[in-house]
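Scroll down for the structure; my scribbles are underneath it.
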Amino acid sequence: MVQLLEFERGLEPLEAEIKTLSLSEDAGADEIVKQMRALRKKRDAMLGRLYGNLTDWQTCQVARHPARPQALDYIRALFTDFTELRGDRAYGDDAAVVAGLGKLGDKPAVILGQQKGRDTAEKIRRNFGMPGPEGYRKAMRMMDLADKFSLPLIAFVDTPGAYPGIGAEERGQAGAIGQCLYRAATMRAPGLTVVVGEGGSGGALALAAGDYIGMLRHAVYSVISPEGCASILWKEAARAADAAEMLGLTAAKLKKRLLIDEVIAEPPGGAHRDSAAAIAAVGAALEKALAQLERLETGLLLEKRARRWREYGEYSEKGK
Amino acid sequence: MNWFTDILPGIKKKKGKSAATVPDGVWSKCPGCNTAIYSVELRKNCYVCANCDHHQRIGAEERARLVFDAEPALSPLGMEVRPVDFMNFRDGGGGKSYAEKLREAQKDDARREAVFACRGTIGGRAAVAAIFDFSFMGGSMGSVAGERFTRAVEDAAESGAPFISFASSGGARMQEGVVSLVQMAKTTAALARLSARRLPHISVLTDPTTGGVAASFAMIGDVVVAEPKALIGFAGPRVIQETVRERLPEGFQRSEFLRERGGVDLIADRRELREVLISLLSLLRPPGG
Ligand SMILES: [Zn+2]
């Protein structure tokens, strides 16, 4: 049974009942099977209602769910011949950013992903998905490869943000992100990004400045974390729920402002309840988007990308 | 920002006033060494304390006055671009809305924003600049800053002039959500187009340059110049302190610290900055220019 979030507590009795029945001695009996089917139907209806009306703060919790599929889950399932490439060729290998080559269907691609990690050891090794400058320099190496071999760059974004640490600052965190953005603008190959979990500010944008940005329905993408915003506005991180509502960080809200291209549907009850379905949906979205981008001649691709980023901004313009 | 605590009696203290608007005949206290400085002297000294060399934060138009030639007059760029509270960003409770904060920051001039962009000459050579103003909502980069910056870069590219950015910002403007975040990519992409024309971008980092501004155009200049002791970094020191829970090293994230670690090319005293820029511009001339 998947770990229940605060707002899912109402499901607890049903889940318990289902579990008891499934463990009972005559679980195979017709009567029990029928009963279980009814209970599951009831639970799925409840989940449907809950997930059809998530508040933005609840969406943040789903986006951060520990059982939610992570970058490597998508990479391993969607790509064949995945070969991981490591290191920034200067200082180290940042495990918060996974990079490599692989095939999406029959098409070779360069792959990037921010990986938060599953168990405690992996989380620590990957710094909870918070890259340092080495991670962004590794990402730039991948952009160079994509450019040189005219391969699409496919990135999976899932990070609380770039790491705010002493060493990261000493080794040029800000510059590394800026260079990544610059490289993304000039890369002579299509750049595709799916925000699969958490898109934390500039640390996420560095891997999302290309030609296609998809986002899972319950992923979030924000200029600042709701906790950070709340502590600035009210000196109180506990009001994150209020902040989440104002930041416009859900896929639906971002799609409305054309900041992303597509909202990718999640299975009922969220990606963490059916990883395979979520991964398949992301794979289908990527293949469709890639097919469209590949039709563009490189010059046109770059022109479209330049126009896209040039046009972002909402302001008024008074007569001179 | 309370360097007006010791002004002469009879002169009203105003919140958020920047050094550039100090009326003549006023004394203020240097935040660096607590010495009382006469405003006329301060202005003559480029808002640098003659006693301890502390560089005060200055407004964008004052910055332009210090760097550009007095003649011909500056042509401001993109002043007609104005902010909008398009997300209806209310912080609930008793706090101020974004729209109110904007009005307050604009004071009596609706053209004011976090970026002032202009074209002029420096040492007789044409140049375009985008100058951040920390006194306008912490120099935060939203749609207006991003658009004015981009127009300035494009003006430089079209006229074949070098581009100079002066950063002074806490980062992205939260009240514009992801629209403000993507200004990082927008400004950076504009610079890529400038580069394609082989025109220089000189980036001047002033106190403070952090967050989304540091992590976009500010660190990718062809030459990166910093003012002395400016705070420069991705994350603010308070956030880092809370994350790592250890003492931050001496001088951490200051210009001198960055220069030692290869983060910036040179540190220029503000009183010599104009000469440094004139020299750089004469060295980095576009091919055939
Ligand atoms: Zn002083």
(request) Report yes if some residue within the range B:201-209 is crowded, with 24+ Cβ neighbours inside 10 Å, more than 9 Å from chain A (Cβ to nearest Cβ) and among the polar types (S, T, N, Q); otherwise report no. (result) yes
(message) Suppose we keep only residues that are within 11 Å of the ligand (Cβ to nearest atom) and of a type outside the set (A, V, I, L, M) within the range B:48-71. Which one would you say is nearest to the other protein chains (Cβ to nearest Cβ)?
(response) B:His55
(message) Just to check your reading of the model, which residue among A:Arg118, A:Arg137, A:Arg188, A:Arg141 is within 14 Å of another protein chain (Cβ to nearest Cβ), surrounded by fewer than 24 Cβ atoms within 10 Å (Cβ to Cβ) and under 25 Å from A:Phe79 (Cα atoms)?
(response) A:Arg188
(request) Run B:Ala185 past the list (1) open to solvent by less than 10 Å² (accessible area, probe 1.4 Å); (2) at pLDDT below 95 and report the number of the one that doesn't hold. (result) (2)
(request) Could you tell me which numbered condition B:Arg198 fails, if it satisfies all but one of (1) on the phi > 0 side of the Ramachandran plot; (2) of a type outside the set (A, V, I, L, M, F, W, C); (3) at the interface with chain A (Cβ under 9 Å from one of its Cβ atoms)? (result) (3)
(request) Within the range B:27-43, track down each residue that is within 11 Å of the ligand (Cβ to nearest atom), within 20 Å of B:Glu62 (Cα to Cα) and either over 21 Å from the mean Cα position of the chain (by Cα) or within 14 Å of chain A (Cβ to nearest Cβ) (or both). (result) B:Ser28, B:Lys29, B:Ile37
(message) Given the condition in a loop (DSSP other than H, G, I, E, B), closer than 20 Å to B:Ile58 by Cβ, more than 13 Å from every other protein chain (Cβ to nearest Cβ) and of a type outside the set (S, T, N, Q), answer yes or no: does some residue in the range B:251-268 qualify?
(response) yes
(message) Of the residues A:Arg305, A:Arg295, only one is over 21 Å from A:Leu5 (Cβ atoms), basic (Lys, Arg) and open to solvent by less than 10 Å² (accessible area, probe 1.4 Å); which?
(response) A:Arg305
(request) At least 3 residues that are more than 9 Å from chain A (Cβ to nearest Cβ) in each: list the helices (runs of 4 or more DSSP H) lying fully within the range B:78-192 that qualify. (result) B:98-106, B:143-159
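Okay, residues lined up against (1) open to solvent by less than 70 Å² (accessible area, probe 1.4 Å); (2) assigned to a loop (DSSP other than H, G, I, E, B); (3) at pLDDT below 90:
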{"site": "B:Lys13", "(1), (2), (3)": "no, yes, yes"}
{"site": "B:Lys17", "(1), (2), (3)": "yes, yes, yes"}
{"site": "B:Gly25", "(1), (2), (3)": "yes, yes, yes"}
{"site": "B:Gly32", "(1), (2), (3)": "yes, yes, no"}
{"site": "B:Ile37", "(1), (2), (3)": "yes, no, no"}
{"site": "B:Val40", "(1), (2), (3)": "yes, no, no"}
{"site": "B:Arg43", "(1), (2), (3)": "no, no, no"}
{"site": "B:Cys46", "(1), (2), (3)": "yes, yes, no"}
{"site": "B:Ala50", "(1), (2), (3)": "no, yes, no"}
(request) Being surrounded by 24 or more Cβ atoms within 10 Å (Cβ to Cβ) and in a loop (DSSP other than H, G, I, E, B) is the filter here, so list the residues in the range A:86-115 that pass it. (result) A:Asp94, A:Ala96, A:Gln115
(request) Can you work out which of the residues in the range B:219-243 that are part of a helix (DSSP H, G or I) and at the interface with chain A (Cβ under 7 Å from one of its Cβ atoms) is nearest to B:Leu283 (Cα to Cα)? (result) B:Ile220
(message) Quick check on A:Leu249: is it at pLDDT 95 or above, more than 29 Å from B:Ala152 (Cβ to Cβ) and away from every other protein chain (no Cβ under 12 Å)?
(response) no
(request) Kindly list the number of the only condition in (1) touching a Leu at 6+ places or on another chain (Cβ under 9 Å); (2) over 16 Å from B:Val128 (Cβ atoms) that fails for B:Val204. (result) (2)
(request) Quickly run through the range A:144-182 and pick out the residues that are in a helix (DSSP H, G or I), more than 7 Å from chain B (Cβ to nearest Cβ) and open to solvent by 10 Å² or more (accessible area, probe 1.4 Å). (result) A:Asp144, A:Leu145, A:Asp147, A:Lys148, A:Phe149, A:Gly167
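The values are calculated or read from the model by the stated rules, or taken from the named source; none is laboratory data. In this text the structure is predicted, and so the values were computed from the model without any measurement. Virtual Cβ from ideal backbone geometry, glycine too; neighbours counted across all protein chains shown. Ligands, DNA and RNA are stripped out before the accessible areas are found, and what is left, the full protein with its side chains, is counted by its heavy atoms. Shrake-Rupley method; radii C 1.70, N 1.55, O 1.52, S 1.80 Å.
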